[in-house]
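Notes for the one structure printed next.
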Amino acid sequence: MIALQTPIEEIKGIKGIGQRFLPKLKKLNIETVKDLLWHFPFRYEDFSKISKIVDVKINEPVVVQAFVKEIKLQRTWKKRMFIVDALIGDNTGNIGAVWFNQPFILRVLKKGTLANFAGKTVVSKNKLYLSSPVYEIIGRSILENESDTKHTGRLVPVYPETRGLTSKAIRFLIKPVLDNLEKLPEILPKEILEENRFLEINQAIRYIHFPENLQQAQAAKKRFAFEDLFLLQLNNLKQRLQLAREKSFSFKINLDYLKKLINHLPFELTQAQKKTLWEILQDFQKPHPMNRLLQGDVGSGKTIVAGLSALIVAKPFGMTQGKQSAFMAPTEILARQHYKTFLKFFPEFNGGIGLITSSEARIFYGNELETETKKNELIKKITNGEIKIIIGTHALIQESVNFPKLAFIVVDEQHRFGIGQRAALIKKSRRETSTPHFLSMSATPIPRTLSLTVFGDLDLSIIDELPKGRKEIITKIVAPANRDKAYQFIRDQIKKGRQVFVICPRIDPAEIDGNPFIPDVRAVKEEYKKLSKKIFPDFKVVMLHGKIKAKEKVETMKQFNNGAIDILVSTSVVEVGVDVPNASIMLIEGSERFGLAQLYQFRGRVGRGIHQSFCFLFTDSSSKTTHQRLRSLIDAKNGFELAEKDLAIRGPGQILGADQTGMPDLAMKAIQNPELIKSAREAAETVIKKDPELKNHPFLKNRLESFQKEVHLE
Ligand code: ADP
Ligand code: MG
């Protein structure tokens, strides 16, 4: 019997033939039997519906069972690329099959081999081909296999692969392990299994790898997705319980003072700002630490909300001495910007505001008393409590700066920090007696279902409107026929002194160049050549992408910032943190390749100055759905609406980036299923209510602990 914790190198099958797979398995982070079995298929190839070749249609996925009649290796014209070119046939006809850069296929699929081929058909040079079909060999010769059907009529799992480790190899490794697996303990409470009619673990793990039909596969997937969501929710609830047990500073709100501050602002707060501010201030009055996420589009005015909160902390009602707040920004530039904001909007605040970054230290004492200072001087003043508001990069609380009266922590652009980092940050700020209130701010619009799961331990405050009077960015979808017109428009704008972003989906032209079946996509290098040589030779065009050295990148951004560059051709690297008010045009090539939320972020790069700004969505696609999707960028009222749409179309990984959430795959997918989230939440609540320490659920407790480690929640 094989146990879950067994390292893979000790599995019998692997000891022999599987040795060479070890490094590859490690690459997929598979080290134990558990890892191997939890390497789930992401889809199933349906070999159960086999078509006759005569019935095969153009552009459709099919499975045929056929003999290899001819097979040969060819090299392509220009590129050094191998094409395996085969003719396969059954008793109704023949069809071609091609594979790119897989010359070894020649050794596997010899003339006379009978196999199932699954793939999509394409037409090239007037011939019908199966393009890179997946195959499963049934037999080597005609006679041997006439009656052998053991490989037909079932679903074949397709796994996330790595070079040299195909789905087929993974199947061969998993099968014997499953056949000799010990009985797994069930971590889900019995009532939950029964109530939701979920598969029991031992059955589920078999069904997910080798289902007899799609229903079985789906039932297994659902169980595992639920399991992950359930664990996430348990973790969230435990975090909340933990915080509710901790003490924090409770403030009485000085309403007169607050009103005065608000009245002195040069603008009226939006309704949403007032609402979220009030949510924060109410948390301040409770004796337990706040743990809140403030979400709002770029430019929605989050800083002022957090700033007003910090001022209340510095001058609470009925206390002679206020407490300290720390503001953390992801970059020095942003930290300085926040500092300036405080000076501008609260010129009379005399509680001491400090700025500390690796390159400078400054202090503001109110009424225009603003000075540069030595870092250790500032630190001294922070330590003795003289400075009430401290602004800096997040190194602030990682370094040895000591805040004796720290009561409020604000972290800006929280989406840049993974959940693990966030947890570490909170931990770090915990004091023995009182835990500071915690507010993170993010401009990434995250749909509610997603934030409930990923940020389920946080309370949410949402600013869902922009301040009045913002100029709308004129957004247009540009078809190929209008390209020249758009270029002419851009030329005029540059002549007026404006600057332009051009965003491309990739750096190099499509790698599989020469492959007649994969269309090329606009690439930075190509566009740069074209724009700088042909279209705008009289303007300064520069390119920017991930493969350029960091120093050069900084230099380019600097030049773009002070207007020395007219057109910046770039990949998505400009998505965050770029602020060039003079840039008024955002041109996006191959716009259908990007997620809506991403396009929205790109567009947010312009419209930051006084000039009317434009966003051009270039697309070669004439598909109706593509145009509808792009249109929603024009129609949507705010980023949240788009994020919801994106979630439905592309899944959560695209919105957050899988790395940032640290979320398991299945849970990520399941987020599109609000019902499942709801039941996971309810189940977690029921369990925790009855048994907060999980004393009666030892397997679950155990699993939760390893889960927290796996997804770096601890
Ligand atoms: P973000 O939410 O992206 O952090 P900021 O806090 O930087 O946004 O605010 C963007 C700009 O809008 C700032 O210049 C700020 O002074 C201004 N602002 C904030 N609130 C309002 C308001 N209610 N009316 C007008 N302008 C505002
Ligand atoms: Mg901001």
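Laboratory data are not the source of any read-out in this text; all were calculated from the coordinates shown. All values derive from a computational prediction rather than experimental measurement. Every residue, glycine among them, receives a Cβ derived from its backbone with ideal geometry; neighbour counts consider all protein chains shown.
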**OP:** Determine ³J(HN,Hα), in whole Hz, for all residues of region 381-386 in sequence, where each value follows from phi through the Karplus function 6.51 cos²θ - 1.76 cosθ + 1.60 and θ = phi - 60°; x replaces Gly and Pro.
**Re:** 6, 5, 5, 8, x, 6
Original post:
So who's got an amide H within less than 5 Å of the one on Thr32, skipping anything under 5 residues away but keeping other chains? H placed 1.01 Å off N, in plane.
Top reply: Ile8
Original post:
With +1 on each Lys and Arg Cβ and -1 on each Asp and Glu Cβ, how big is the dipole of region 244-368 about its Cα centre, in debye rounded to the nearest 20?
Top reply: 320
**OP:** Work out from phi, with θ = phi - 60° and the Karplus expression 6.51 cos²θ - 1.76 cosθ + 1.60, the ³J(HN,Hα) of each residue of region 586-601, listed in order in whole Hz, and give x for Gly and Pro.
**Re:** 10, 10, 10, 7, x, 4, 5, 7, 9, x, 4, 4, 5, 4, 4, 5
**OP:** Just add up the charged neighbours of Asn384: K/R +1, D/E -1, any other residue whose Cβ is under 13 Å from the Cβ of Asn384.
**Re:** +2
Original post:
Among Lys476/Lys525; Lys183/Lys238; Lys238/Lys275, which pairs are too far apart, with a Cα-Cα distance over 32 Å?
Top reply: none
Original post:
Could you give the angle, 0 to 90 degrees to the nearest 10, between helix 167-179's Cα long axis and the longest principal axis of the Cα atoms of the chain?
Top reply: 90
**OP:** Restrict the search to region 31-125; then list the trypsin sites (Lys or Arg not before Pro) that DSSP places in a loop and that have at most 14 other Cβ atoms within 10 Å of their Cβ.
**Re:** Lys49, Lys52, Lys57, Lys78, Lys79, Arg80, Lys110, Lys111, Lys125
**OP:** Please figure out what share of the DSSP beta bridges in the chain is antiparallel and state it in percent, rounded to the nearest 5.
**Re:** 45
Original post:
In straight Cα distance, which aspartates and glutamates are under 19 Å from Lys529, not counting same-chain residues fewer than 8 positions off?
Top reply: Asp484, Asp508, Glu511, Asp513, Asp520, Asp538, Glu552, Asp566, Glu589
**OP:** Place the peptides 484-491, 272-279, 582-589 in order of packing, highest mean first, counting for every residue the other Cβ atoms within 10 Å and averaging per peptide.
**Re:** 582-589, 272-279, 484-491
**OP:** Could you tell me whether the chain comes out rounded, prolate or oblate from its Cα gyration tensor? Rule is a ≥ b ≥ c as square roots of the eigenvalues, rounded for a/c under 1.5, then prolate if a/b exceeds b/c, otherwise oblate.
**Re:** oblate
Original post:
Distance from the Cα centre of region 241-280 to that of region 465-486, in angstrom?
Top reply: 37
Subject >> region 297-367: Lys pairs at Cα distance under 19 angstrom, eight or more positions apart or on different chains >> reply: 4
**OP:** Give the cross-link partners of Lys259 among the aspartates and glutamates, using a straight C-alpha distance below 15 Å as the criterion and excluding same-chain residues fewer than 8 apart.
**Re:** Glu268, Glu348
Original post:
So for the chain, taking the charge dipole from beta-carbon charges (+1 Lys/Arg, -1 Asp/Glu), which of Ala680, Phe455, Leu308 sits furthest toward the positive end?
Top reply: Leu308
**OP:** Choose one of Pro157, Ala550, Leu231: the residue whose Cα lies farthest towards the positive end of the charge dipole of the chain (beta-carbon charges +1 Lys, Arg; -1 Asp, Glu; about the Cα centre).
**Re:** Ala550
**OP:** Return one number: the angle in degrees, 0 to 90 and rounded to the nearest 10, between the long axis of the Cα atoms of helix 550-561 and the longest principal axis of the Cα atoms of the chain.
**Re:** 60
Original post:
Taking Cα pairs under 8 Å and at least six residues apart, what relative contact order does the chain come out at, in percent?
Top reply: 11
